[in-house]
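Written out below as structure tokens is the structure these notes cover.
We did not get these values from a lab; they are worked out from the coordinates using the rules stated. All values derive from a computational prediction rather than experimental measurement. Cβ atoms come from the backbone with ideal geometry, glycine included; neighbour counts cover every protein chain shown.
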Amino acid sequence: MKKTIIQRIKAAAVLATAVFVGAGCSAGSPAQTSEPPVTAAISADTADSGTITETAPEEPVTEETERKPNTVRTAEELAGKKVIAFTFDDGPNTGVTNEILDVAEQYGIKFSFFVIGQNINDETASAMQRAHSLGCEINSHSFTHSDMTKLSADEIKDEMDRTAELIYSYVGEYPKFFRPPYISVSPELYAAIDLPFISGIGCNDWEDKVSVEKRVRFLTEKCPDGVIVLLHDQATNEKTAEAVRQAVPMLLEQGFEFVTCSELFAAKGITPSPDSEIIYSYATESGWK
Ligand SMILES: [Zn+2]
């Protein structure tokens, strides 16, 4: 990890100009960091001579000061840039989720995770909290991963509320987007859920038969500017972790900025609608290219 410190410091320099998300960021959130206190330092010498000097302690470059959680890059900062949102479904877990986060940390980039409520417990939540502290977005993929179009309005509400409260309890922020399990939607489901719906383009990466090479080729050759990429970080998906390890430096080389879903829409000047029957795969007005 040591050799990546420069990259992370560079990333921090970019993030230093970012703005904080206001409303969603609760006071006392576990992932929040506070600024180092400015204290008055009185040395023995100066105290003896009666001179008191106030000095702010030098801010060490630490994990806390390098990276500011809950920061979003603004549309201005991302204007004219090629942006891409890698999104991962079906976590969190302590294995593959962390392997993917190792890549995010190594390059100082952000992903978005669509978590399943029933997968969240004290152990797996550590990966979710790590993702959040790296600036990744935690979104909802339901509580039980059922086909939500088969559920009653009350059951849908229960799926959404339980997952949202669990996410909030661990990272201090509510989900901003919803990805329906199996991308199964209905007018009733759109009406019942008050979040924008996200789909994305993928390469069937939940199927073991799709090789790492195929995944890498998809990620590096088929993903245009403004796209949401649908991947899976379920516990057995080592192939996607490996594909991400290989594809990220190649996409950075191509000039892509890795952004959260929120940043992707902001970069393209789109306000994703929770009220219309749109499921977004691209940051466009219609959700499609
Ligand atoms: Zn899923």
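Counting only residues that are within 16 Å of the ligand (Cβ to nearest atom) and touching a strand residue (DSSP E or B) at 6+ places or on another chain (Cβ under 7 Å), how many does segment 98-119 have? Spell out how you get there, then give the answer.
To start, the set of residues in segment 98-119 that are within 16 Å of the ligand (Cβ to nearest atom) comprises 100, 111-119.
Going one step further and asking which of them are touching a strand residue (DSSP E or B) at 6+ places or on another chain (Cβ under 7 Å), we end up with 100, 111-115.
The total comes to 6.
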| said: Just the residues that are in contact with a Ser or Thr (Cβ under 7 Å, 6 or more places away or on another chain) and of a type in the set (S, T, N, Q), please, taken from segment 96-125. | reply: GLN106, SER112, GLN118, THR124
| task | Please work out if ILE193 is surrounded by fewer than 20 Cβ atoms within 10 Å (Cβ to Cβ) and of a type outside the set (D, E, K, R). | result | no
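From the list ALA235, ALA191, pick out the single residue that is among the hydrophobic types (A, V, I, L, M, F, W, C) and more than 16 Å from the ligand (Cβ to nearest atom).
Numbers: ALA235 fails: more than 16 Å from the ligand (Cβ to nearest atom).
Result: ALA191 is the single residue among ALA235, ALA191 that is among the hydrophobic types (A, V, I, L, M, F, W, C) and more than 16 Å from the ligand (Cβ to nearest atom).
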| query | Hey, does segment 145-167 have a residue that's touching a residue at least 40 places away in the same chain (Cβ under 8 Å), surrounded by fewer than 22 Cβ atoms within 10 Å (Cβ to Cβ), in a loop (DSSP other than H, G, I, E, B) and within 16 Å of the ligand (Cβ to nearest atom)? | reply | yes
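Would you point out which residue out of SER133, SER112 is closer than 16 Å to LYS176 by Cα and not aliphatic (A, V, I, L, M)?
Details: SER133 fails: closer than 16 Å to LYS176 by Cα.
After applying the criteria, what remains is SER112.
Which of the following residues is away from the ligand (no atom under 16 Å from the Cβ), more than 17 Å from ILE84 (Cα to Cα) and out of contact with any Gly (no Cβ under 9 Å at 6 or more places or on another chain): VAL244, VAL216, VAL248, VAL212?
Numbers: VAL244 fails: more than 17 Å from ILE84 (Cα to Cα); VAL216 fails: more than 17 Å from ILE84 (Cα to Cα); VAL248 fails: more than 17 Å from ILE84 (Cα to Cα).
Just a single option satisfies the conditions, and that option is VAL212.
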| task | Considering each residue of segment 199-220, count those that are within 24 Å of the chain's Cα centre (by Cα) and in a helix (DSSP H, G or I), and give that number. | result | 7
| said: Looking for something more than 16 Å from the ligand (Cβ to nearest atom), over 16 Å from the mean Cα position of the chain (by Cα) and not polar (S, T, N, Q) - is there at least one such residue anywhere in segment 172-186? | reply: no
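It is to be established whether one or more residues within segment 130-143 are among the aromatic types (Phe, Trp, Tyr), assigned to a loop (DSSP other than H, G, I, E, B), buried (at least 17 other Cβ atoms within 10 Å of the Cβ) and free of Cβ contacts under 8 Å to residues at least 40 places away in the same chain.
Kept after step one, since they are among the aromatic types (Phe, Trp, Tyr), are these residues of segment 130-143: 143.
Filter once more, so that each one left must be assigned to a loop (DSSP other than H, G, I, E, B): 143.
Cutting the leftovers down to buried (at least 17 other Cβ atoms within 10 Å of the Cβ) gives us 143.
Checking the rest, the ones that are also free of Cβ contacts under 8 Å to residues at least 40 places away in the same chain come to 143.
Within segment 130-143, one or more residues are among the aromatic types (Phe, Trp, Tyr), assigned to a loop (DSSP other than H, G, I, E, B), buried (at least 17 other Cβ atoms within 10 Å of the Cβ) and free of Cβ contacts under 8 Å to residues at least 40 places away in the same chain.
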